[in-house]
1. Within segment 35-50, how many residues turn out to be of a type outside the set (A, V, I, L, M), more than 9 Å from ligand 2 (Cβ to nearest atom) and either under 8 Å from the mean Cα position of the chain (by Cα) or crowded, with 24+ Cβ neighbours inside 10 Å (or both)?
2. Go through segment 181-202 and give me each residue that's outside any loop (DSSP other than H, G, I, E, B) and loosely packed, with under 10 Cβ neighbours inside 10 Å.
3. So how many residues does segment 166-180 have that are within 14 Å of Val127 (Cβ to Cβ), within 16 Å of ligand 1 (Cβ to nearest atom) and either small (Gly, Ala, Ser) or part of a loop (DSSP other than H, G, I, E, B) (or both)?
4. Kindly indicate whether any position in segment 104-116 is closer than 17 Å to Leu218 by Cβ, out of contact with any Leu (no Cβ under 6 Å at 6 or more places or on another chain) and of a type in the set (A, V, I, L, M).
5. Here are the criteria: (1) among the aromatic types (Phe, Trp, Tyr); (2) in contact with a Leu (Cβ under 7 Å, 6 or more places away or on another chain); (3) away from ligand 1 (no atom under 15 Å from the Cβ). Tell me which single one Phe85 does not satisfy.
6. Of all the residues that make up segment 132-165, how many are free of Cβ contacts under 8 Å to residues at least 12 places away in the same chain and either of a type in the set (D, E, K, R) or not in a helix (DSSP H, G or I) (or both)?
7. Based on this model, can you work out whether Gly89 counts as at positive phi, crowded, with 19+ Cβ neighbours inside 10 Å and within 11 Å of ligand 2 (Cβ to nearest atom)?
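The values are calculated or read from the model by the stated rules, or taken from the named source; none is laboratory data. Keep in mind the model is a prediction, meaning the values are calculated, not measured. As a convention, Cβ positions derive from the backbone with ideal geometry for all residues, glycine included, and neighbour counts pool all protein chains shown.
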Amino acid sequence: MTWVRRRESTTMPRHHRIEEASNRTDTCNIVIVGETGVGKSSLVNLITTTQTAPTSPDSMGCTTEPTVYEHDVMTQNNTVKVQLFDTAGLDDGSEGTVPAMQAQKDLKTLLKTLKKNRGIHLLIYCVRGTRDVTVLQRNYKLMHSNVKGKVPIVLVVTGLEDREPDMESWWRNNTTSILNLGMNFAGHACITALTIDPADADKLRRRREQSYDAVCSLIEQHCPQNIGTPRVTTIRPARFVLSSQISVTLYAAEP
Ligand SMILES: Nc1nc2c(ncn2[C@@H]2O[C@H](COP(=O)(O)OP(=O)(O)OP(=O)(O)O)[C@@H](O)[C@H]2O)c(=O)[nH]1
Ligand SMILES: [Mg+2]
């Protein structure tokens, strides 16, 4: 498996890096969108089984500009080469690190750049399971108006590590409200994106594993299967148990 974070470059302006990524013909382009602090960057780390995307509990906003992460997602039947576009939180207000208007403008520019080049294959709307569903409508409308039904939008609900009887019960309890609010998702995953450490209980580990599988399955279902070929095919690693060692291995594989 190879893992590459697009590195910051002092010589190439940011829009060129996104432009370059948007021109790649061999990847599935996935854009992750949502409010500040809902777990967008943690979701990147869940998918890539690394801690490379910076995360923070700070309500002021951690991700300040669109950042692209390249990864081979291994599913049960396939390997899908993806570019994950992590974005700034949409609801920072005017006080946050990235004011709401700027975050919306950056998102619009990113989506436009991708559309003009190789396209967007999947939009992930990342939300926190503790929030009332009525507040999800505003950003859903924003995303929908940007892609006009041409790109599947899937919902990823984070923060469900303690949800009983299971994480999926969030969806069962909220499906009707979501439909009544006019939100139509092509798929969903109810997850925890919490980082696991060796001292965590088995239940949390299992839920994190389920979360990984659910998100990879969403990607497999919604990304075209015939984009490019995997760089290297490996046996799925023993994730979470040896996460720090795996990070080292992944970085060692960087070209
Ligand atoms: N309990 C819990 N915490 C989570 C989960 N996912 C993320 N977090 C925590 O929430 C905080 C914010 O996570 P980030 O991944 O930085 O959120 P973000 O959406 O990228 O935030 P911005 O970049 O600021 O927009 C961090 O402290 C994470 O550890 C989850 O599923 N459950
Ligand atoms: Mg972030």
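1. Filtering segment 35-50 for residues of a type outside the set (A, V, I, L, M) gives 35-37, 39-42, 45, 48-50.
Now restrict to residues that are more than 9 Å from ligand 2 (Cβ to nearest atom): 35, 45, 48-50.
Then keep just the ones that are either under 8 Å from the mean Cα position of the chain (by Cα) or crowded, with 24+ Cβ neighbours inside 10 Å (or both); that gives none.
The total comes to 0.
2. First, pick out the residues of segment 181-202 that are outside any loop (DSSP other than H, G, I, E, B): 187-190, 202.
Hit for segment 181-202 is Asp202, nothing else.
3. 1
4. no
5. Tallying (1) among the aromatic types (Phe, Trp, Tyr); (2) in contact with a Leu (Cβ under 7 Å, 6 or more places away or on another chain); (3) away from ligand 1 (no atom under 15 Å from the Cβ), Phe85 fails exactly one: (3).
6. Summing the residues that are free of Cβ contacts under 8 Å to residues at least 12 places away in the same chain and either of a type in the set (D, E, K, R) or not in a helix (DSSP H, G or I) (or both) in segment 132-165 gives 9.
7. In short, no.
Here's the yes/no breakdown for (1) closer than 27 Å to Thr192 by Cα; (2) of a type in the set (S, T, N, Q); (3) surrounded by fewer than 20 Cβ atoms within 10 Å (Cβ to Cβ); (4) under 18 Å from the mean Cα position of the chain (by Cα):
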site: Leu107; (1), (2), (3), (4): yes, no, no, yes
site: Thr134; (1), (2), (3), (4): yes, yes, yes, no
site: Gly149; (1), (2), (3), (4): no, no, yes, no
site: Glu164; (1), (2), (3), (4): yes, no, yes, no
